[in-house]
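Data first, discussion second: the structure below is written as structure tokens.
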Amino acid sequence: MSTKNRTVALELGTSNSDIYTVPNNYETQVKSIFISNLTGNQVTFSLDWYDSSTTTYYTITEATKLLPNAIIQITESLWLEEADKIRGLASATSSVSISINVEEDYIPRQI
């Protein structure tokens, strides 16, 4: 099994946007999530993860307040399987940046 580390980032909009999707033939451990307020105003953000095996979205946080120019770091791990994803939205466009650090493990297909 091979492992690779990646960081993905996105500025959130006011509609849900996919931030990270586990690639085909991989499982992923989310190592950390950084959420930054890019403005001088208080904003809110929401995050959830999609479990592809049950086709269900689960809330990570909902309408969480982020103080002006603040940053939040989440360091507890999530384990995601192929096609699972994390998505998010903010109360104002281009006000919240999110960066996710993941460790992806390649899972070869059995024939």
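The values are calculated or read from the model by the stated rules, or taken from the named source; none is laboratory data. As the structure is a prediction and not an experimental result, all values here were calculated from the model. Note that we place each Cβ from the backbone using ideal geometry, even for glycine, and neighbour counts take in every protein chain shown.
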Got at least one residue in segment 61-69 being within 11 Å of the chain's Cα centre (by Cα) and touching a residue at least 24 places away in the same chain (Cβ under 8 Å)?
no
Matching residues in segment 56-93 (charged (D, E, K, R) and over 15 Å from Thr28 (Cβ atoms)) number 2
Tyr26 surrounded by 13 or more Cβ atoms within 10 Å (Cβ to Cβ), among the aromatic types (Phe, Trp, Tyr), closer than 25 Å to Tyr106 by Cβ and in contact (Cβ under 8 Å) with a residue 40 or more places away in the chain:
yes
Report whether or not Ser46 is of a type outside the set (Lys, Arg) and assigned to a strand (DSSP E or B).
yes
Just wondering, is there one or more residues in segment 82-90 that are within 18 Å of Ala9 (Cα to Cα) and more than 15 Å from the chain's Cα centre (by Cα)?
no
State yes or no: is Glu27 farther than 19 Å from Lys65 by Cβ and modelled with pLDDT of 95 or more?
yes
Strands (runs of 3 or more DSSP E) contained in segment 57-111 and holding at least 2 residues in contact with a Leu (Cβ under 6 Å, 6 or more places away or on another chain) and modelled with pLDDT of 95 or more
85-90, 96-106
Within segment 16-60, which residues are over 13 Å from the mean Cα position of the chain (by Cα) and under 21 Å from Lys4 (Cα atoms)?
Pro23, Asn24, Asn25, Tyr26, Glu27
Residues located in segment 87-107, provided they are touching an Asp or Glu at 6+ places or on another chain (Cβ under 7 Å) and of a type in the set (Asp, Glu):
Asp105
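Looking at segment 40-49, is at least one residue under 20 Å from Gly13 (Cα atoms), buried (at least 16 other Cβ atoms within 10 Å of the Cβ), touching a residue at least 60 places away in the same chain (Cβ under 8 Å) and of a type outside the set (A, V, I, L, M)?
No: segment 40-49 contains no residue that is under 20 Å from Gly13 (Cα atoms), buried (at least 16 other Cβ atoms within 10 Å of the Cβ), touching a residue at least 60 places away in the same chain (Cβ under 8 Å) and of a type outside the set (A, V, I, L, M).
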